[in-house]
């Protein structure tokens, strides 16, 4: 069984985080362009779980949410 998780993060947040970790402007632009292409049809895809990740999100909280979702999924497989 496959369980899909989509972590939704807006472009401004992705760009800010890339800048904060020191990515070059060229690398950031390339990544944003690629994301737009790869996730163009995201609204039409089925996701078992969507987690919203904003600039104000605590990444450790998101990691815990992902862990909880995975545990629930694993318990359903048993």
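Couple of notes before you dig in:
- For the chain, the longest principal axis of the Cα atoms and the long axis of helix 59-77 meet at an angle of about 30 degrees.
- Considering only alpha-carbon pairs that sit under 8 angstrom and 6 or more positions apart, the relative contact order computed for the stretch 5-77 is 48 percent.
- Binned Cα-Cα distances of the chain, short to long, each 10 Å bin given as a whole percent: 15, 40, 33, 11, 1
- Model label zone, residue 6; criterion: amide N under 13 Å from point 7 Å along Cα-to-beta-carbon; scope the stretch 25-39: 38-39
Here, each number is a calculation from the coordinates, and none is a lab measurement. From a predicted model like this one, the values you see are computed outputs, not experimental measurements. Neighbour counts are summed over all protein chains in view; Cβ atoms, including those assigned to glycine, are modelled from backbone coordinates with ideal geometry.
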